[in-house]
Amino acid sequence: MSMLLIVLYLGVVALAAGTAAFVGRRPPGAALAALALLPMIFFSEGIFRERTPIPVDHAMLLPPWNTLRPATRYNPNLNDVASQAAPWAQAVRMAWKEGSLPLRLRWNGCSMALAANPQSAAFSPLTFLMFALPLARAFTLAAAVKLFLALLGTWLWLSELGVSRTGALFGAVSFGLSLSMAVYILFPPTAVFCLWPWALFAIELLRDSRVALRAFWVLTAVFVCWAVGGHPESAAFGASFGGLWLLGRLLLRDLPRRGRLAARVALSTAIALGLSAFLLVPQALAIRASNRVPFAQALSLSLPFRLAPHGPFWPNGLVTALFPRALGDQIDSPRIGGG
């Protein structure tokens with residue numbers, strides 16, 4: 001299985017490098033090798049040994065396994081991977097294997113939404129790639145692929161901006177091993193995070209008339225992968241950052257032919273939304289019917305919004321931004337009052 005995992009991973013490396021070459025930006029062999037090797041080192045335990053990144057020790061907290069031995073967890077903050085991400089991934093596998101669409105999670109009580117639960121990533125290309133391996137090893141493959149895509153995408157984007165190769169390599173590693181990627185590498189959001197720089201890279205290429213059409217279709221494919229990747233909130237954040245990035249470039253007069261660029265990005269977005277509407281619409285309906293809507297509305301009404309510049313409304317926010325467990329986490333330590 002290790003050999004199959006490596007072959008699949010190298011296949012993704014070749015596909016990503018081929019995509020870059022398709023738009024006329026073939027990465028140098030040395031840079032590509034370095035970026036491809038880093039995830040293999042980072043996840044070497046799962047690639048070269050019979051180990052899995054899934055925190056299976058969490059199963060010992062649940063009946064009937066909790067009767068076998070005292071419950072201990074190496075990392076309690078990975079609970080969602082064991083109790084949500086992995087079971088949803090297995091349910092998607094079971095549905096596709098029996099020849100049915102993964103629309104309902106009928107193995108869970110009276111059933112619940114599966115595809116309409118975005119984090120199941122029921123139609124994600126990465127999910128389909130994981131089918132080639134047992135679930136325990138598939139999570140290693142997914143983590144390595146996400147890290148590599150983040151590294152190469154950032155390198156390509158920074159190189160397109162004119163950053164030196166050394167600077168682009170530093171920036172790629174900084175993003176790939178950042179708190180956004182490394183900490184959440186087993187969680188659904190990173191399937192979208194890793195493609196943020198690819199969208200920014202493709203948008204830059206839209207300005208090059210020689211490859212603009214090819215870049216347009218690459219950008220559209222990236223947007224579709226954002227939509228089906230398993231975390232639409234991260235797609236929305238990526239789109240917001242992309243908009244602010246382009247607005248800043250516009251204010252600095254660094255965007256020639258900005259009207260044409262905006263039209264191409266808008267058309268690419270519209271096509272991607274149309275192609276993924278079969279999934280986004282049910283997800284939107286599920287969100288609207290959930291209890292999170294009234295909770296979010298109540299929270300938004302209680303926040304002290306004002307347009308004038310101000311410091312943090314909650315001073316402890318500065319503390320927890322640097323020391324997340326300073327006020328307790330209700331997992332290893334109780335929450336401090338007011339926290």
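With Ala71, Ala89 as the choices, which residue is over 19 Å from Pro118 (Cβ atoms), among the small types (Gly, Ala, Ser) and either open to solvent by less than 70 Å² (accessible area, probe 1.4 Å) or modelled with pLDDT of 95 or more (or both)? Even if it seems obvious, please write down each step before you answer.
On the way: Ala89 fails: over 19 Å from Pro118 (Cβ atoms).
Only one candidate qualifies: Ala71.
Would you tally the residues in the range 169-228 being of a type outside the set (A, V, I, L, M, F, W, C), within 17 Å of Ser240 (Cβ to Cβ) and buried (at least 24 other Cβ atoms within 10 Å of the Cβ)?
1
Tell me, which helices (runs of 4 or more DSSP H) wholly within the range 239-339 include 1 or more residues that are touching a Gly at 6+ places or on another chain (Cβ under 9 Å) and touching a residue at least 12 places away in the same chain (Cβ under 8 Å)? Talk me through it step by step, then tell me what you get.
Details: elements: 258-288, 292-302, 316-322.
Once the helices (runs of 4 or more DSSP H) in the range 239-339 are filtered for at least 1 residues that are touching a Gly at 6+ places or on another chain (Cβ under 9 Å) and touching a residue at least 12 places away in the same chain (Cβ under 8 Å), what remains is 258-288, 316-322.
Would you say Thr320 is surrounded by 12 or more Cβ atoms within 10 Å (Cβ to Cβ) and in contact with a helix residue (DSSP H, G or I) (Cβ under 9 Å, 6 or more places away or on another chain)? Steps first, please.
Values: surrounded by 12 or more Cβ atoms within 10 Å (Cβ to Cβ): yes; in contact with a helix residue (DSSP H, G or I) (Cβ under 9 Å, 6 or more places away or on another chain): no.
No: the conditions fail for Thr320.
List the number of the failed condition for Asp80; all other conditions in (1) assigned to a helix (DSSP H, G or I); (2) in contact with a Ser or Thr (Cβ under 9 Å, 6 or more places away or on another chain) hold.
Checking Asp80 against (1) assigned to a helix (DSSP H, G or I); (2) in contact with a Ser or Thr (Cβ under 9 Å, 6 or more places away or on another chain), the one that fails is (2).
Would you confirm whether or not the range 55-64 contains a residue that is within 21 Å of the chain's Cα centre (by Cα) and in a loop (DSSP other than H, G, I, E, B)?
First, pick out the residues of the range 55-64 that are within 21 Å of the chain's Cα centre (by Cα): 55.
Keeping just the survivors that are in a loop (DSSP other than H, G, I, E, B) gives 55.
Yes, the range 55-64 contains at least one residue that is within 21 Å of the chain's Cα centre (by Cα) and in a loop (DSSP other than H, G, I, E, B).
What's the total number of residues in the range 179-207 that are farther than 20 Å from Ile271 by Cβ and assigned to a loop (DSSP other than H, G, I, E, B)?
Our first condition is that a residue be farther than 20 Å from Ile271 by Cβ; within the range 179-207, this holds for 179-191, 193-194, 197.
Checking the rest, the ones that are also assigned to a loop (DSSP other than H, G, I, E, B) come to 179-189, 194.
Final tally of qualifying residues: 12.
Of everything in the range 20-46 that's touching a Pro at 6+ places or on another chain (Cβ under 9 Å) and not in a loop (DSSP other than H, G, I, E, B), which residue is most open to solvent (accessible area, probe 1.4 Å)? Full working, then the answer.
Here is the first cut: in the range 20-46, the residues touching a Pro at 6+ places or on another chain (Cβ under 9 Å) are 20-21, 35, 43, 45-46.
Going one step further and asking which of them are not in a loop (DSSP other than H, G, I, E, B), we end up with 20-21, 35, 45-46.
Values: Ala20: 0, Ala21: 29, Leu35: 3, Glu45: 81, Gly46: 8 Å².
The residue in question is Glu45.
Suppose the filter is within 25 Å of Ala115 (Cα to Cα), under 25 Å from the mean Cα position of the chain (by Cα) and modelled with pLDDT of 90 or more; does Leu101 pass it? Spell out how you get there, then give the answer.
Details: within 25 Å of Ala115 (Cα to Cα): yes; under 25 Å from the mean Cα position of the chain (by Cα): yes; modelled with pLDDT of 90 or more: yes.
Judged against the criteria, Leu101 is a match.
Go through (1) at pLDDT 95 or above; (2) open to solvent by 40 Å² or more (accessible area, probe 1.4 Å); (3) of a type in the set (Gly, Ala, Ser) for Ser83 and report which single condition fails.
Ser83 satisfies every listed condition except (1).
The values are calculated or read from the model by the stated rules, or taken from the named source; none is laboratory data. Note that the structure is a prediction, hence the values are computed from the model and not measured. Glycine also receives a Cβ, built like all others from the backbone with ideal geometry; neighbour counts cover every protein chain displayed. What goes into the accessible areas is simple: the full protein's heavy atoms, side chains included, and nothing from ligands, DNA or RNA. Shrake-Rupley method; radii C 1.70, N 1.55, O 1.52, S 1.80 Å.
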